[in-house]
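First comes the structure, then the notes that go with it.
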Amino acid sequence: MTNLSNQPDRGINRKTSLKLRSIITAFISLLFFSCENQALYDQYQAIDNTTWEKDKEYYFTFLVTDISVPYNLTLEVRNNNLYPYQNLWLFCKEELPIGPLKRDTIECMLANEYGKWHGHGISLFQSSFPIRTNHVFPYEGQYTFSFRQGMRNDKLSGIQEIGFRVEKAQ
């Protein structure tokens, strides 16, 4: 005669294993869906030899297909310790699919009055500057934003990259 009291109940183990697998699968699925990137556009461009020439313009072109939702537009600047100033003046142009060219001047404060960088990093600092928040694009189509440095230097050192991000507003 066999002693059944020492053998594990396989039905309970299978149920527990199935529940555990279901919980793990649901958690992994939730993790993937929660990490969904809301960015319509996110691009960086390297500044040639970390020296931004006065007449050099950097272009960011993206396509807008949904004009019913608001977007946040953010300029990203990556500078190193060799940047000699507290701020950075930029000339911005916006080309819409329809209509005139829009121009603006933007001041980016990269450091405080004591020279401490505002951005995140150790030797390369990244700073974000909101250009527009909850902006609704007026037309579907291709938009181009361009940036040119507006400092008095013909050759501006210390700026390594600029980036532009367009993401759905929360």
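The values are calculated or read from the model by the stated rules, or taken from the named source; none is laboratory data. The shown structure was predicted, so the numbers you read here are calculated from the model rather than taken from an experiment. Here the Cβ is made from the backbone with ideal geometry for all residues, glycine too, and neighbour counts use every protein chain on show.
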Original post:
In the stretch 141-168, what count of residues is obtained for those that are surrounded by 14 or more Cβ atoms within 10 Å (Cβ to Cβ) and not in a strand (DSSP E or B)?
Top reply: 3
**OP:** Please find, within the stretch 122-140, the residue that is surrounded by the most Cβ atoms within 10 Å (Cβ to Cβ) out of those that are part of a strand (DSSP E or B) and aromatic (Phe, Trp, Tyr).
**Re:** Phe125
Subject >> Evaluation of Ile47 against (1) more than 18 Å from Ile131 (Cα to Cα); (2) surrounded by fewer than 15 Cβ atoms within 10 Å (Cβ to Cβ); (3) under 20 Å from the mean Cα position of the chain (by Cα) (one fails), failing number >> reply: (2)
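Looking only at the stretch 111-121, which residues are assigned to a strand (DSSP E or B) and either in contact (Cβ under 8 Å) with a residue 24 or more places away in the chain or not assigned by TED's automatic domain parsing to the domain that holds Trp52 (or both)? Before you say what the answer is, go through the steps one by one.
Step one: list which residues in the stretch 111-121 are assigned to a strand (DSSP E or B), which gives 111, 117, 120.
Once the filter is applied, which keeps residues that are assigned to a strand (DSSP E or B) and either in contact (Cβ under 8 Å) with a residue 24 or more places away in the chain or not assigned by TED's automatic domain parsing to the domain that holds Trp52 (or both), the stretch 111-121 yields Ala111, Trp117.
Quick check: anything in the stretch 92-111 under 16 Å from the mean Cα position of the chain (by Cα), β-branched (Val, Ile, Thr) and closer than 24 Å to Lys54 by Cα? Steps first, answer last, please.
We begin by selecting, within the stretch 92-111, every residue under 16 Å from the mean Cα position of the chain (by Cα); these are none.
No, that holds for no residue.
This table checks each residue for (1) of a type in the set (A, V, I, L, M); (2) in the same structural domain as Ile122 (by TED's automatic domain parsing); (3) more than 18 Å from Asn112 (Cβ to Cβ).
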position	(1), (2), (3)
Phe62	no, yes, yes
Val69	yes, yes, yes
Thr74	no, yes, yes
Asn80	no, yes, no
Pro84	no, yes, no
Leu88	yes, yes, no
Pro97	no, yes, yes
Pro100	no, yes, yes
